[in-house]
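The values are calculated or read from the model by the stated rules, or taken from the named source; none is laboratory data. As the structure is a computational prediction, the values presented were derived from the model and not from experiment. Here the Cβ is made from the backbone with ideal geometry for all residues, glycine too, and neighbour counts use every protein chain on show. All accessible areas refer to the heavy atoms of the entire protein, side chains included, with ligands and DNA or RNA removed. Shrake-Rupley method; radii C 1.70, N 1.55, O 1.52, S 1.80 Å.
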Amino acid sequence: MTTADWMSIQIGWRNLWRNPRRTLIILTAIVIGIISMIVMSAFGRGMMEGMVRNSIDNLVGHIKIQNPLYRIDPAVDNRIDTVSEVADQISGLLPEDGRLVKRLRLDGVLSTSRDHVGVMVVGVQPELETGVSFIGRPLYKGTALDPDDTNGLLIGQALLERLGLEIGKKVVLMSQDSASEGRAKAFRIRGSYRTELRDTEKRYVFVNLHTFQDMIGAPDTATEIAVNLDLATTYQTGRIEELVNRINEQLDNENLAANGWRELLPAIAAYIDMFDVYMLIWFVVVFIAMGFGLANTVLMAVYERMREFGLQRALGVRATGIIKSVIIEVVLLLLIGMAVADFSSLFLVEVVFGSGIDLGSFGAGIEMWGISRVVYPVISLKDIFMANGVVILLGLLVGLYPALHAARFTPVETMRHL
Amino acid sequence: MAIIRVDSVSKVYHQGRVSFKALDNVALSIEKGEFVALAGPSGSGKTTLLNLIGGLDTPDEGEVYFDHKNLSEMNDSQRADLRLHHIGFVFQAYNLIPVLTAAENIDYILLLQKVEKSVRSLKVNAILQEVGLAEKATNRPDELSGGQQQRVAVARAIITDPQVVLADEPTANLDSKTGRKLLEMMKQMNRSKQVTFIFATHDPMVMEFADRLVSLQDGRIVSDTRK
């Protein structure tokens with residue numbers, strides 16, 4: 001950068017503050033525009049993050065190893081036999097932060113003295129589910145399943161209420177055994193759980209894995225092995241993909257396959273992929289509204305300073321020099337706006353909305369989409385770069401219009417305005 | 001040797017459907033180091049002639065030569081470069097860039113010429129001393145009187161050692177005492193640096209200072225006298 005360029009920046013900066021009110025008004029528009037871009041994208045990402053976490057939490061996990069046929073037909077025939085052996089093999093491949101759980105998940109019927117309802121019976125290792133799925137979290141009511149408990153059952157609070165049951169009551173579960181024959185066993189309700197989604201509460205009942213294995217007559221059986229890693233955000237799919245590949249390469253059992261959550265939840269993965277495009281469109285729409293104001297303001301400033309541009313041309317500044325000087329002013333305006341907006345957005349997202357935005361009043365609607373009631377906005381560097389990039393690139397384009405106008409003023413024309 | 005030659009130049013301005021012949025077949029030759037006043041009433045064509053000489057405008061007919069170079073054959077950027085390196089301008093008003101101080105206004109032209117910083121500082125300080133505005137170096141134009149602003153403009157016009165300084169009504173907004181001081185300063189520079197000064201004016205005091213008086217009327221030269 002030459003000294004003349006520094007002088008142009010100095011002139012541009014001082015020109016901006018010749019009419020502070022006008023500059024502040026357009027700066028406010030730019031700042032609000034950029035804040036809306038960044039905060040909205042953070043909110044959107046937060047919603048998406050919540051949606052992904054809920055789904056992963058909902059017995060999916062970051063990685064799941066199962067018989068591929070089970071995904072099409074979740075029947076007992078598509079189970080994993082000698083699951084302990086498989087689990088041991090996978091455990092050897094896990095990084096330090098990897099956690100592994102086995103689950104046996106089959107359709108069943110829960111009967112009370114008055115009612116029958118279709119449920120998904122899940123045999124779990126309760127002590128290992130902490131940090132892997134929602135059932136590892138503290139219960140809403142009652143006590144957790146003891147690993148030695150052979151007839152304890154956990155039920156969703158919504159189903160408990162629907163069936164008019166209470167903690168301690170007895171229910172009967174029916175499911176198919178390993179030979180596809182019906183089996184039934186009585187259980188006592190030990191506790192109830194709550195989740196973000198009421199449908200989940202109505203669908204799943206949990207018993208100890210070994211109890212369920214005994215019930216269906218298939219010891220050392222599961223239908224899935226779930227693996228979770230310690231990830232700051234669910235967007236860090238690189239480690240997951242790497243581990244999936246490693247497991248698939250080294251798994252002896254050809255009837256099993258490992259899949260990452262993106263393959264297990266393709267609709268959500270596709271939504272995430274489209275999110276960036278949505279955001280880009282949103283950014284451009286916001287900028288278009290902002291761009292008109294910017295062009296108008298700079299054009300006004302240019303017409304006010306016709307004589308100065310004429311003088312500069314008379315002194316020997318080329319037309320390109322005039323264009324450059326106007327563009328410098330536009331860029332300075334945008335840079336100030338971007339700096340203020342970026343810091344304000346960070347403040348809003350991290351401090352003001354840091355404890356989450358409660359969407360409780362939209363309860364049923366958001367639940368349908370699997371979105372958490374409380375959204376924690378997630379600020380992403382990519383969104384900040386994209387918002388700032390859109391503003392600076394389109395800002396330069398918009399700024400070209402008044403700049404070209406200014407360059408067209410001839411000294412003689414402007415002298416006539418004296 | 002003629003530094004400026006104007007050959008049969010005509011210029012017509014159009015405003016809506018009305019055409020106005022500002023210059024009509026004007027011919028003029030100005031030697032290096034002359035102190036020339038183009039005089040005449042408003043609308044006589046003196047500013048138009050000054051603009052054509054400075055390459056700010058182009059003639060409809062005829063040619064203008066600056067140091068034997070035909071301005072009509074130059075493009076816009078070449079004419080801008082010619083003005084930057086060889087011509088200084090002083091206008092009636094709005095001579096200075098409002099956001100720059102007196103020193104920065106003078107420095108600006110040197111910056112455009114890509115002169116080194118150390119040289120620039122020396123030249124700017126020296127010229128501010130010369131025009132008697134050293135103590136006003138950091139003042140912006142709105143903190144200077146009309147006379148002081150014109151002196152800054154003159155300083156800016158001559159700091160690049162131009163061959164020609166073109167001044168359009170430089171004293172029009174000044175009281176006679178300030179105007180005289182300004183003219184004395186320019187005259188002194190004309191003598192010491194052999195800079196050619198050409199004024200467009202109807203101020204009798206400028207005419208009194210001039211060595212040569214070219215009178216225009218209705219776009220034609222009606223008299224050309226040397227003192």
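The table below lists the values:
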item	result
Flag for residue A:22 being charged (D, E, K, R), in contact (Cβ under 8 Å) with a residue 24 or more places away in the chain and open to solvent by 10 Å² or more (accessible area, probe 1.4 Å)	yes
Any hit, region A:239-253, residues being closer than 22 Å to residue A:402 by Cβ, in contact with a Gly (Cβ under 6 Å, 6 or more places away or on another chain) and away from chain B (no Cβ under 14 Å)	no
Residue identified as open to solvent by less than 10 Å² (accessible area, probe 1.4 Å), assigned by TED's automatic domain parsing to the domain that holds residue A:72 and modelled with pLDDT of 90 or more among A:153, A:100	A:153
Residue tally, condition away from every other protein chain (no Cβ under 14 Å) and assigned to a helix (DSSP H, G or I), over region B:94-132	9
Some residue of region B:25-47 being crowded, with 17+ Cβ neighbours inside 10 Å, β-branched (Val, Ile, Thr) and touching a Ser or Thr at 6+ places or on another chain (Cβ under 7 Å)	yes
Count of region B:190-227 residues which are assigned to a strand (DSSP E or B) and of a type outside the set (S, T, N, Q)	13
Residue satisfying all of: in region A:302-320; open to solvent by less than 30 Å² (accessible area, probe 1.4 Å) and out of contact with any helix residue (DSSP H, G or I) (no Cβ under 7 Å at 6 or more places or on another chain); farthest from the other protein chains (Cβ to nearest Cβ) among these	A:305
Residue that is farthest from residue A:12 (Cα to Cα) [pool: residues in region B:109-136 that are open to solvent by 20 Å² or more (accessible area, probe 1.4 Å) and touching a residue at least 24 places away in the same chain (Cβ under 8 Å)]	B:130
Selected residue (only one of A:260, A:291, A:316 is in the same structural domain as residue A:21 (by TED's automatic domain parsing), at pLDDT 85 or above and of a type in the set (Gly, Ala, Ser))	A:316
Some residue of region A:3-11 being in a strand (DSSP E or B), touching a residue at least 60 places away in the same chain (Cβ under 8 Å) and either open to solvent by less than 10 Å² (accessible area, probe 1.4 Å) or within 14 Å of chain B (Cβ to nearest Cβ) (or both)	no
